[in-house]
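Trainee: Before I ask anything, let me first share the structure, which is written out below as structure tokens.
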Amino acid sequence: MTLIERCVPRMGGEKVMARKKILESNIAFRLMTLIFKFRDLLQNPRKSLEKAGLRKGMSVVDYGCGPGSFTIPAAELAGQKGKVFAVDIHPLAIRAVKQKASRKGLQNVETVLVEGYDTGIGESSIDRVLLIDTIHLIDDPDALFREIHRMLKPDGLLFMEKGHMPMSQQKSIVENSGLFTIIEARDLMIVAAPSHSPSAS
């Protein structure tokens, strides 16, 4: 009997499968959170954000925010006049970010729980979109990039980091969307600006 099976109470077939999926998802999230704690000890998220040019007053989206490793320092850099949207599909991620923001006394963090790729965030309202440790988990990159392109201001930037795939593959995913122009690609980070060609409209 697996750990999941021990945790699931006896119930009807569909309910059992749904409950198993939830438990598996929750366990995976907690393991990911533990891994991120070790990662953040080796690599300071704040330094990565400073490289991304985050500064006071900016509006930022942390897409696939997870437990908030980058959300919280982004909110600190953006300051009271800035705002950070923490976007994730997992309720535990949203809860973790809310708790961390509350403990830090941060009033400029807004969490967004999504089912697909639509965030509901205003069009052309965002200065920076962070896509950290996320792209390898995306089933439909084109749909994601359409949403990111919609949110970004004309002079906004997308920062992708650590996609768990070769840099060449990450670059291809961005370029094939037809929505972004890569302006920098080094040290596992891609910086891309929104294109304003007919294909991007």
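The values are calculated or read from the model by the stated rules, or taken from the named source; none is laboratory data. Predicted, not measured: the structure shown is a model, and the values here were computed from it. Cβ coordinates were reconstructed from backbone atoms using ideal geometry, including for glycine residues, and neighbour counts include every protein chain displayed.
Trainee: Check whether at least one residue in segment 156-163 is surrounded by fewer than 21 Cβ atoms within 10 Å (Cβ to Cβ) and either in a strand (DSSP E or B) or modelled with pLDDT of 95 or more (or both), and report yes or no.
Mentor: Scanning segment 156-163 turns up at least one residue that is surrounded by fewer than 21 Cβ atoms within 10 Å (Cβ to Cβ) and either in a strand (DSSP E or B) or modelled with pLDDT of 95 or more (or both).
Trainee: Still on this model: Filter segment 124-142 for residues that are surrounded by 14 or more Cβ atoms within 10 Å (Cβ to Cβ) and of a type in the set (A, V, I, L, M); which is farthest from Gly79 (Cα to Cα)?
Mentor: Ile138
Trainee: Follow-up question, since we're still on this one. Out of everything in segment 118-140 that is part of a strand (DSSP E or B) and out of contact with any Ser or Thr (no Cβ under 6 Å at 6 or more places or on another chain), what residue ends up being farthest from His90 (Cα to Cα)?
Mentor: Among them, the one singled out is Arg128.
Trainee: Another question about this same structure. Could you look through segment 76-93, keep only residues that are modelled with pLDDT under 95 and surrounded by 19 or more Cβ atoms within 10 Å (Cβ to Cβ), and pick out the one that is nearest to the chain's Cα centre (by Cα)?
Mentor: Asp88
Trainee: Another question, if that's okay. Looking only at segment 175-196, which residues are β-branched (Val, Ile, Thr) and either surrounded by fewer than 22 Cβ atoms within 10 Å (Cβ to Cβ) or touching a Pro at 6+ places or on another chain (Cβ under 6 Å) (or both)?
Mentor: Thr181, Ile182, Ile183, Val191
Trainee: Determine which member of the set Glu110, Glu115, Glu76 is on the phi < 0 side of the Ramachandran plot and assigned to a helix (DSSP H, G or I).
Mentor: Testing whether each residue is on the phi < 0 side of the Ramachandran plot and assigned to a helix (DSSP H, G or I) leaves just Glu76.
Trainee: What single numbered condition from (1) at pLDDT below 95; (2) within 27 Å of Phe145 (Cα to Cα); (3) surrounded by 13 or more Cβ atoms within 10 Å (Cβ to Cβ) fails to hold for Lys20?
Mentor: Here Lys20 meets the rest and fails (2).
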